Amino acid sequence: MTKLLAIPLFVASLGCAEKVDCGKMKAKLEECGPQLVRAVVAGREEAKAIGAVSDSMLKSLLSTVLGPINEKCEAQGGKFDDAKAMNECLGKTSCDEFGACMAKHVH
């Protein structure tokens, strides 16, 4: 009987998992996208080329890339396996800190 009670409790806990605020993520990605790109390519061959591109140019290029990420967030209702860590990144005040933190979660 105890095992039968555990199943509904487990299923109920899945619905309460931490979620990402998709609106907040979208705004932060739009604001800090260039820093995120620079953090993702840091140490790679592309870093030199990206370093020569202005933030405004990166922002205009990123608008097409960010759409699918934001759509995925909305479609999943903000549920990501690493939502707790992503929320910590969203709480970063500087774009450099956000980019460094969020780069770990970009797949």
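The values are calculated or read from the model by the stated rules, or taken from the named source; none is laboratory data. It should be emphasised that the depicted structure is a prediction, and the values quoted were computed from it without experimental measurement. Glycine gets a Cβ as well: all are built from the backbone with ideal geometry, and neighbour counts include every protein chain shown. When the accessible area is computed, the model is the full protein with side chains, heavy atoms only, and any ligands, DNA or RNA have been set aside. Shrake-Rupley method; radii C 1.70, N 1.55, O 1.52, S 1.80 Å.
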Counting only residues in region 86-107 that are without any contact (Cβ under 8 Å) to a residue 24 or more places away in the chain and of a type in the set (S, T, N, Q), the one least open to solvent (accessible area, probe 1.4 Å) is identified as Ser94
Screening Val20, Val41, Val37 for residues that are at pLDDT below 90, open to solvent by less than 90 Å² (accessible area, probe 1.4 Å) and under 14 Å from the mean Cα position of the chain (by Cα) leaves only Val37
Of all residues in region 46-59, how many are open to solvent by 70 Å² or more (accessible area, probe 1.4 Å) and either outside any loop (DSSP other than H, G, I, E, B) or among the acidic types (Asp, Glu) (or both)? 5
Among what's in region 66-85 and is assigned to a loop (DSSP other than H, G, I, E, B) and more than 17 Å from Ala103 (Cα to Cα), pick the residue that is least open to solvent (accessible area, probe 1.4 Å). Gly78
